[in-house]
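Structure, as structure tokens:
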């Protein structure tokens, strides 16, 4: 061993002890004939004092940032203590030292606030990983890993490894594929998730399975997606939805406790998908704050049980609202005093292409109880006040209103709500609010193919009381314009998403476990019998031999870590991430391969130039 | 939840309690109007009693093997107790029951001794996994996983995930590659191990890393290899060989303790590679028993310090020995009474093509002290006795001798030694003996290319006192016939293998951490500068920025589990293994993919028919 202690270990109580440390040179400070060096390792920083007697040796061996150094000396009290760090009361009076390795000058500083840009840090990721900020993220990631494993182990779950070289059954996202040398012309696929394997394990009787496992999706990468990502993947047999919800809110609470020291004692909220969409404009609402959406109009849609407050806006002759499919409002607390400049800026904000609204209407519900609005021409003050109060506004609040096509407007009001919360400091990084979103639609309508697609995945069961609806109806859609009237449009999935602070951190479902129902599902998605058997014959076969009722969930491990770490970017929580083009900048991968490899794999390049 | 208890939980102390169980029908036994069913789940088997009153319902719903059943009833004492199982004192008097799912008749019996052949069991792996024998293996695997993680965690190691989509740098085995859709004509590779990443993590200062991780090698599969396999992968910084040996024999001992309840208190033996080859004929000797090899001749070889007992056989005019490159012997305990038929059978055994010897010589060292041999014509009884005693024989033992070309003969004597131990019952499944094999040659000679290849991998450091030899000599081999005289032939690696009962379960090395030495190593392996930079530029670059001394080890997790489970086959310890052609028989993978996928990936098939 090159050391007797770490750089984070020695205290004033070790005074007088002899010690050997090894680590990296963080800083070198020379005061006349004596030199101070801060030596850094994974555990901390310790100050080294090189006395006059070492001056000559030091001059012969000039020390630089990031040199790897081994020193032996004795622990002594510092004259100039630094009480901000645990080792700040002591220093090592160096007797001998050895440079274990030199370092070139790093391309950026190894500090929390580095001067390195994103690309540079990715290329030199091995140096970026030395920064304390990144190290803390990876330590948090390991703590989450450990907490999840411990909880699941104590609940009787078994970690069972599923294969990585499987069969390509693209459905939704694209598969990454792997040419097989030994089976020319054939390919393996990398798993998008261990979904079918964990279901088979339930058929096999392993009734509580988990894995923290890499998954792969060949998607066009958005800002915060990675082609390979990690899931906490779980499945249970002989359970109903309620059992899964209880088990896994328990897991997340255990992670809060172990990793953040937070006792999350409150009941985890639950909300139907319809309520989430209706009241928050999206299916993963951030419920750390209010500003619920007031719906003033309803389009032909799946929100069958919802009633908009149409009477508040109708009959006023305001063409913008009258012509719109959807009209929505939120009450922003304490903003009635917004200046013209501020409301203009908000109007520009909603008109940006990412939001895509034509304009913004507002009502200032002043502290004195009066109302002022951009729509004064059309609505009396009483009407305005009624709208404001229906939106939940108090005197002093600002009501923001959007109108337009359903999908875009609903997304816009959700984005606006989040934006206002951000501006008002309502999205606190140290506050965590969990939410279950339930009762998703089982199917979505695919206009292009005039057919159904699975909202979650094809293994999700309908609600128990809708299984008959599914089995007894023909999935094909006769009249595309009236797809909403098809019985399948209203089938709800026995599925659940866990939402944390406005991010989906996990999702799952109770699965289909009957061959007949599974075949019906595949058929609804446009798979004929031959395709069903080619792609999922093994699963349909397994359902013939005593498949138990089962269900599960998968958590996005990268995202969960990022949120717990107070970041929105998962890349900061992955040791060696890829960039948005799916490239590893450090390795410079992907790359060309040898012709010999192509020949062995029985493939040829076919690049269109 | 579909149950209140598991099928392994209820005892006589639960008598009178109401309970709901769910599981699989193991057996149905009808006695007149009453029926007994054994219900099975992951936790055990519980007997169900269906009384006369349920007879009619049962007849209307005939029950078969592997049906999934939910029953509610009360716990009662059995009249006919089965004390072999923990639930054997009770049964459930069934009140109501529900068939949750039916089962077709399984293609083989779900029992320890199944009637299913290998192919059938692989195709229906989801049923095979229900068998208790397979379940125990996966439970053991999880226990080993857990024990390793707990030990490493307690020693300050961090689990850090490394990427799966990396760059192809084939060296030794072939890479599996993954075409990149977004980077046409380019490929990722799947890692053969996280080797370079764990080294980068050491450069980054994470001084204790581990991962239980899938690795991939596209090799022609031998009997017990899998294209994807799992490693316990570890790396430490600021360590020397001794630190690694201590740390990881600690890990294996902890696994013995946690998983098998074995206190492995004895010191783990150590042996140099030369001693292993010389004394046991291979580099992973099984030291549960003796029968060390007596060397009677030595070829021109790397065993420079070894002296054979030539005087015992020379000058006798026995042409077989005189003409042979290598002559070796082992003393098999207690077999001096072997009949002619038995020695003939052994002779046939060594003449099989897998062994490839021309014949077998033997000396019977009889209990009365006399010696009889197949070589009586050439050697006096005194000579024979001297050979026998040099081989470590006692009166009553049988000395077996082989002669021939070095490599084949050494392997043959090792195989013969193992075979005799097997026949004599000396390879006990419940006895575990660990061994470190040390001081491997750093290089092997590649005749075809007249160059060096790395015995371990190109990142292994030479012994500290041989670094200069490596740096200061030109690696190229002027005279192929005399390659053994090249200074590189005698450089020893700073590497170590852990051997358990004759199987290599782990191997590793102290790594090169200096750019100059790493470049020299790459050059010795025939890589020019351009190739070095293309393949390993990131690593050479990292060594410029303060790389610490470091080393590590990787354990073959599948193999370790198999040996601990008393099996030689790793397939039995993998949930979804592939067959020897690399196929998943259940999924029927690999398989063809859609033309659309090929087009998107910018590749074409090029299958030679």
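Just so it is clear, none of the values below were taken in a lab; they were calculated from the coordinates. Please read all numbers here as calculations on a predicted model, not as lab measurements. Heads up, the Cβs are rebuilt from the backbone with ideal geometry, glycines too, and the neighbour counts pull from every protein chain shown.
Values computed for the structure shown
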quantity: Average Cα contact separation per residue, region B:470-609, under 8 Å, 6 or more apart, as relative contact order %; calculated: 17
quantity: Separation of alpha-carbon centers, region A:410-446 and region B:190-222, rounded to whole Å; calculated: 39
quantity: Inter-centroid distance (Cα atoms) of region A:245-260 relative to region A:493-571, Å; calculated: 21
quantity: Exam field: residue A:61 pseudo-label spacings to other copies (7 Å along Cα-Cβ), nanometres; calculated: 8.1
quantity: For region A:331-430, alpha-carbon Rg and Dmax in angstrom; calculated: 13.3, 44
quantity: Efficiency of FRET from Cβ geometry, residue B:111 and residue B:15, R₀ 22 Å, rounded to 0.05; calculated: 0.15
quantity: Exam field: residue B:408 pseudo-label spacings to other copies (7 Å along Cα-Cβ), nanometres; calculated: 8.1
quantity: Alpha-carbon spread of region B:12-101, three principal axes, descending order, Å; calculated: 34, 27, 22
quantity: Residue exposure sequence - A:248, A:108 - by fewest surrounding Cβ within 10 Å; calculated: A:108, A:248
quantity: Least to most buried among B:273, A:452 (fewest other Cβ within 10 Å first); calculated: B:273, A:452
quantity: Taking chain B and dividing mean pair separation by its residue count, relative contact order in percent (alpha carbons under 8 Å, at least six apart); calculated: 13
quantity: Computed Rg/Rh of region A:387-497, alpha carbon atoms with Kirkwood Rh; calculated: 1.09
quantity: C-alpha long axis of helix B:529-542 to longest principal axis of chain B, angle in °; calculated: 60
quantity: Shortest-first nm distances, residue B:132 label point to equivalent points in other copies (7 Å, Cα→Cβ); calculated: 5.8
quantity: Relative contact order [Cα under 8 Å, 6+ residues apart], region B:12-101, whole percent; calculated: 34
quantity: Residue exposure sequence - B:141, B:3, B:515 - by fewest surrounding Cβ within 10 Å; calculated: B:515, B:3, B:141
quantity: Tilt relative to chain A, helix A:340-351 - C-alpha long axis, 0 to 90 degrees, to 10; calculated: 80
quantity: Sum of -39500 (n - 2.57) over DSSP H runs of 4+, divided by residues of chain A (222 nm, nearest 500); calculated: -7500 deg cm²/dmol
quantity: Cα long-axis angle, helix A:132-154 against chain A (0 to 90 degrees, to the nearest 10); calculated: 60
quantity: Shielding score for A:171-177, defined as the mean number of other chain Cβ atoms within 10 Å; calculated: 4
quantity: Region A:123-154 versus region B:336-353: alpha-carbon centroid distance in Å; calculated: 60
